[in-house]
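Enquirer: My questions all concern the structure below.
The values are calculated or read from the model by the stated rules, or taken from the named source; none is laboratory data. Keep in mind it's a predicted model, so treat the numbers as computed, not measured. Counting neighbours? That spans all protein chains shown, and the Cβs are built from the backbone with ideal geometry, glycine included. Please note that ligands, DNA and RNA were not included when accessible areas were found on the heavy atoms of the full protein model with its side chains. Shrake-Rupley method; radii C 1.70, N 1.55, O 1.52, S 1.80 Å.
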Amino acid sequence: MKAIYIHGLHSEINLDKIKILEEAGLEVIAPEIDYEKEQGAVYPRIKALMIEESIDLLIGSSMGGFMAYWLARDLNKAALLYNPALHFESMQPFIPQLESKCDPPLFVCSGEKDETVPSKHLRAYLDKEHRDNSNLRIISASWLAHQIDLQTFRGMTAWFLGELAG
């Protein structure tokens with residue numbers, strides 16, 4: 001399977017995380033993104049890349065989780081999201097206008113110690129947006145802040161791929 005890994009704001013591609021994804025059997029595309037410079041062009045660029053590369057799965061963290069969430073719902077692709085920055089008012093202008101929102105399998109890892117994307121606000125947003133969606137699974141990680149350590153990344157990747165395999 002082919003996956004896209006979308007890094008967060010003020011972040012860069014983490015080669016150790018790419019290696020974990022590859023060791024899990026995924027072919028990985030990991031674009032460099034300058035969110036501030038590209039602003040409104042990020043979403044259409046990544047969407048076009050996903051279509052061109054025939055991406056099967058999305059993995060994103062923070063701002064990358066925001067992008068992965070909307071791309072998953074736009075293109076009907078399963079996604080693993082780490083502390084996705086979904087609930088912020090400042091993000092509302094970047095939400096794409098979708099003709100219809102798909103309900104693909106969404107797996108969310110939410111760090112309870114995250115002060116950047118507070119777990120309670122993220123959970124409230126997801127509960128509101130996905131009232132009747134059985135395709136949403138949320139793991140509340142009591143040990144996790146905003147940064148995703150490699151052990152957690154490895155474990156969540158295994159869980160995600162295992163659940164998709166059924």
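Enquirer: Averaged across orientations, what area in nm² does the convex hull of the alpha carbons in region 7-72 project?
Expert: Details: hull surface 16.9 nm².
Across all orientations, region 7-72 yields a mean hull projection of 4.2 nm².
Enquirer: Over region 1-113, what portion of Cα pair distances is larger than 23 Å, expressed as a whole percent?
Expert: Details: 1248 of 6328 pairs.
Pairs farther apart than 23 Å: 20 percent.
Enquirer: Determine which lysines satisfy two conditions relative to Lys2: a Cα distance under 21 Å, and not lying fewer than 8 residues away in the same chain.
Expert: Lys17, Lys19, Lys47, Lys77
Enquirer: Tell me which residues come under 5 Å, amide H to amide H, from Gly111 once H is placed; ignore anything under 5 positions away on its chain.
Expert: For Gly111, whose amide H was placed from the backbone, the distant partners under 5 Å are Asn83, Ala141.
Enquirer: So, taking all protein chains as they sit and a 1.4 Å probe, how much accessible area belongs to Ser54, in Å² rounded to tens?
Expert: 80 Å²
Enquirer: Multiplying the sequence separation of Gln151 and Gln97 by 0.36 nm and subtracting their Cα-Cα distance, what value in nm do you get?
Expert: Computed gain between Gln151 and Gln97 is 15.9 nm.
Enquirer: So how strong a dipole does region 1-156 carry about its Cα centre when Lys and Arg Cβ are +1 and Asp and Glu Cβ are -1, to the nearest 20 debye?
Expert: Working: 16 positive and 23 negative charges, 81 e Å.
Magnitude of the dipole: close to 380 debye.
Enquirer: From the helices alone, meaning DSSP H stretches of at least four residues, give me the mean residue ellipticity at 222 nm for the chain, per-run term -39500 (n - 2.57), in deg cm²/dmol to the nearest 500.
Expert: On the way: 6 runs with 65 residues, N = 166.
Helix contribution divided over all residues of the chain: -12000 deg cm²/dmol.
Enquirer: Right, another one. Counting only residues 5 or more places away or on other chains, whose amide H sits under 5 Å from the amide H of Val28 once H atoms are built in the peptide plane?
Expert: Sorted by chain and number, the residues that satisfy this are Ala3.
Enquirer: Please compute, for the alpha-carbon atoms of region 84-166, the extent along each of the three principal axes and give them in descending order in Å.
Expert: 37, 33, 20
Enquirer: Under 1.5 on a/c is rounded, so check that first for region 57-125, then, if it is not, pick prolate when a/b is larger than b/c and oblate when it is not; a ≥ b ≥ c are the square roots of the alpha carbon gyration tensor eigenvalues. Before the final figure, lay out the partial values.
Expert: On the way: a/c = 2.07, a/b = 1.38, b/c = 1.50.
Note, shape of region 57-125 comes out oblate.
Enquirer: Let me ask something additional. From the square roots a ≥ b ≥ c of the eigenvalues of the alpha-carbon gyration tensor of region 127-166, which class results: rounded (a/c under 1.5), prolate (a/b over b/c), or oblate? Don't jump to the answer; show the numbers that get you there.
Expert: Numbers: a/c = 3.43, a/b = 1.32, b/c = 2.61.
Taking the square roots of the gyration eigenvalues as a ≥ b ≥ c, region 127-166 is oblate.
Enquirer: Just subtract the alpha-carbon distance of Ala24 and Asn135 from 0.36 nm times their residue separation and send over the number in nm, one decimal. Mind showing how you got there, number by number?
Expert: Working: separation 111, 0.36 × 111 = 39.96 nm, distance 2.22 nm.
This chain segment gains 37.7 nm when fully extended.
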